[in-house]
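First comes the structure, then the notes that go with it.
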């Protein structure tokens, strides 16, 4: 009979075999970990090698400096500042003094005039953007310095 405060100790019939199994599991786990580490290292090394490789040079027909000319398409406007294009490929442009133009059939036409634009120094009708949903909502956004002393955004 056993005393209530004592514990019975059961000994495995093959204690050495348990340690061998544990050792095998540990060796397999280490081998798998090393294999995963090696595969990851090889992958990273290949990606770094590709990223660091010289990019192919596209051959050109000439090494001469290109000659560029600039022609004024529209003259007589006060500081054309911003250009944007409608989905129809028509060009919009702003004049710093507060006028928005659209080019129709190759000729600029005044589309809107914003009366409270402060066109001094670097101020004036400066920003122009066509709404991504312009085809359905017909919004064009402008940004300008106001004669009222604050920057405002108008929808034209």
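Note on segment 38-92: residues that are in contact with a strand residue (DSSP E or B) (Cβ under 9 Å, 6 or more places away or on another chain), under 30 Å from residue 122 (Cβ atoms) and in a loop (DSSP other than H, G, I, E, B) amount to 7.
Quick check on my filter: what residues within segment 107-140 are assigned to a loop (DSSP other than H, G, I, E, B) and either within 15 Å of residue 84 (Cα to Cα) or at pLDDT 90 or above (or both)?
Taking segment 107-140 as the starting set, the residues that turn out to be assigned to a loop (DSSP other than H, G, I, E, B) are 114-116, 118-124, 131-133, 138-139.
Selection gives 131, 132, 133, 138, 139.
Residues that are over 31 Å from the mean Cα position of the chain (by Cα) and either free of Cβ contacts under 8 Å to residues at least 40 places away in the same chain or surrounded by fewer than 17 Cβ atoms within 10 Å (Cβ to Cβ) (or both) were ranked within segment 83-102; the one that is nearest to residue 148 (Cα to Cα) is 97. Just one of the listed residues (115, 62) is over 30 Å from residue 148 (Cβ atoms) and exposed (fewer than 10 other Cβ atoms within 10 Å of the Cβ), and it is 62. Here residue 47 meets each of (1) surrounded by 10 or more Cβ atoms within 10 Å (Cβ to Cβ); (2) farther than 24 Å from residue 143 by Cα; (3) modelled with pLDDT of 80 or more with one exception, condition (3).
How about segment 121-141: which of its residues are closer than 22 Å to residue 76 by Cα and in contact with a strand residue (DSSP E or B) (Cβ under 8 Å, 6 or more places away or on another chain)? Give the derivation first.
Step one: list which residues in segment 121-141 are closer than 22 Å to residue 76 by Cα, which gives 121-128.
Those that are closer than 22 Å to residue 76 by Cα and in contact with a strand residue (DSSP E or B) (Cβ under 8 Å, 6 or more places away or on another chain): 123, 124, 125, 126, 127, 128.
When the test is whether a residue is modelled with pLDDT under 85 and surrounded by 10 or more Cβ atoms within 10 Å (Cβ to Cβ), residue 16 does not pass it.
The values are calculated or read from the model by the stated rules, or taken from the named source; none is laboratory data. This is a predicted model, so every value here is computed, not measured. FYI the Cβ positions are ideal-geometry reconstructions off the backbone, even for glycines, and counts take in every protein chain you see.
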